[in-house]
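Asks: Take this structure, written in structure tokens, and hold onto it; I'll ask about it next.
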Amino acid sequence: MCEKYEKSKPSLNNIPLRNLPLPFNLFAYFCAFRGETLFLRLHGKPVSIAVECGQSSRFPPFPGLDMDSAQLKNRLDFAISVAREAQTLILTYYQNANLSVDLKKDASPVTAADKGAELLIRERLADSFPEDGILGEEFGTTESKNGYRWILDPVDGTKPFVHGVPLFGTLIGVEYEGRLVIGVARFPALDEVVYAAEGTGTWWQIGDAEPRQTHVSNTDDLAKAVFCFTEPQRFKKIGRPEVLEKLMSTCCMSRGWGDCYGHVLVATGRADVMIDPELSAWDAAALVPIIREAGGAWLDWKGVESIYSGHGFSVNAALKDEILSILA
């Protein structure tokens, strides 16, 4: 039986840097950048804090990135707003008996909701950020003139959407000079959004409630972990069925809570690992900063933070190395 109550125990391994006293904050940031562990004494007891870049901090977690914070905030605010606008459009098609479904060249389904939502976002981007580039699932690429590029998946999880299942999402990612710095994942049928920007943490809002900061879990034992996947046959398709078998036989719970929803479950601490044997850049772009800022890792199967490898997984910090060893 999964003892998931252990997730609620406080752990220093995911402590946000901004919650440390200022001198420790500075030193912790230095340690994080070098991949080291910070040792402190709290209440007279020695403790170690494994601090990872990307957790909330008063300092930018990627010092080499020359990025205007106001420009970043403007784009984050825009992404949150336009995702909500796209939600309204998408829901006009959701669970609609007259919904028409077409097949693309790769046999994946596409609907008027996919196309309409992406066109809406592109139109708003042309007005607000005309020099920014765009890569979208449905309508290709527009080149960037300033280093910023938006990566769009208007309906991630079209199959659940078509079948009236609410676990689909609108994904908006923003790259700056090749690094993913903003991620927004909105779930129209659930009226929830999870979002992150470089150095600001990951935030989760349900309906009109106040957003709250969220983190990955502290689970450090795979036998107590919740494992998510999308389509089990994809593991067999790429010749790696043993990965699925290993995780399903080891983890205490395995569920097909797939597509972007599974990755967001990891970011919000409700699941511990989500693995995709096959995906495209637009499936992953928004998720990278969301997982990173929540204290976890979004990586390809070789351990690289890349959305262009055709595969990937989300995981909390404690289980990352063990998952990589299974995928090797």
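The numbers here are math on the coordinates, done by the rules we state, and not lab data. These figures come from a predicted structure and were not determined experimentally. Here the Cβ positions follow ideal geometry from the backbone for every residue, glycine too, while neighbour counts run over all protein chains shown.
Asks: For the stretch 231-245, in order, what is each residue's ³J(HN,Hα) by Karplus, 6.51 cos²θ - 1.76 cosθ + 1.60 with θ = phi - 60°, in whole Hz (x at glycine and Pro)?
Replies: 10, x, 5, 5, 5, 5, 4, 8, x, 10, x, 5, 5, 4, 4
Asks: With N denoting the number of residues in the stretch 161-243, provide Rg(C-alpha) divided by 2.2 N^0.38 Å, to two decimal places.
Replies: For the stretch 161-243, the normalised Cα radius of gyration is 1.38.
Asks: Then there is this: Using mean Cβ contacts within 10 Å as the protection proxy, how do 276-283, 159-166 order, highest first?
Replies: Top of the packing list down: 276-283, 159-166.
Asks: Something else: Full extension from Arg255 to Lys302: what is 0.36 nm times the residue separation minus their Cα-Cα distance, to one decimal in nm?
Replies: Gain in length upon complete extension: 14.6 nm.
Asks: Between Leu119 and Glu278, 0.36 nm times their residue separation minus their Cα-Cα distance comes to what?
Replies: Length gained between Leu119 and Glu278: 54.7 nm.
Asks: What distance in nm separates the simple spin-label points at Glu177 and Ala107, each placed 7 Å from Cα in the Cβ direction?
Replies: That separation, rounded to one decimal, is 4.4 nm.
Asks: Which whole-Hz couplings ³J(HN,Hα) result when phi for each residue of the stretch 212-223 is put into the Karplus expression 6.51 cos²θ - 1.76 cosθ + 1.60, θ = phi - 60°, listed in order with x for Gly and Pro?
Replies: Once rounded to whole Hz, the list reads 10, 6, 9, 9, 5, 6, 9, 4, 10, 10, 4, 5.
Asks: Shifting gears a bit: Which of the GluC sites (Glu not before Pro) found in the stretch 93-194 are loop residues per DSSP with 16 or fewer other Cβ atoms within 10 Å of their Cβ?
Replies: Sparse-neighbourhood loop GluC sites (Glu not before Pro): Glu131, Glu143, Glu177.
Asks: HN-Hα J couplings of the stretch 257-266 from phi, Karplus 6.51/-1.76/1.60, θ = phi - 60°, integer Hz, Gly and Pro as x?
Replies: 7, x, 6, 5, 4, x, 5, 5, 4, 5
Asks: With just the Cα atoms defining each centre, how far is the stretch 250-328 from the stretch 92-108? Give it in Å.
Replies: 27
Asks: Could you list which residues have their amide H under 5 Å from that of Ile151, counting only those 5 or more apart in sequence or on another chain, with H placed in the peptide plane?
Replies: Correct list: Leu135, Gly173, Val174, Glu175.
Asks: Looking at the stretch 75-127, which trypsin sites (Lys or Arg not before Pro) are DSSP coil and have at most 12 other C-beta atoms within 10 Å of their C-beta?
Replies: The qualifying sites are Lys104, Lys105.
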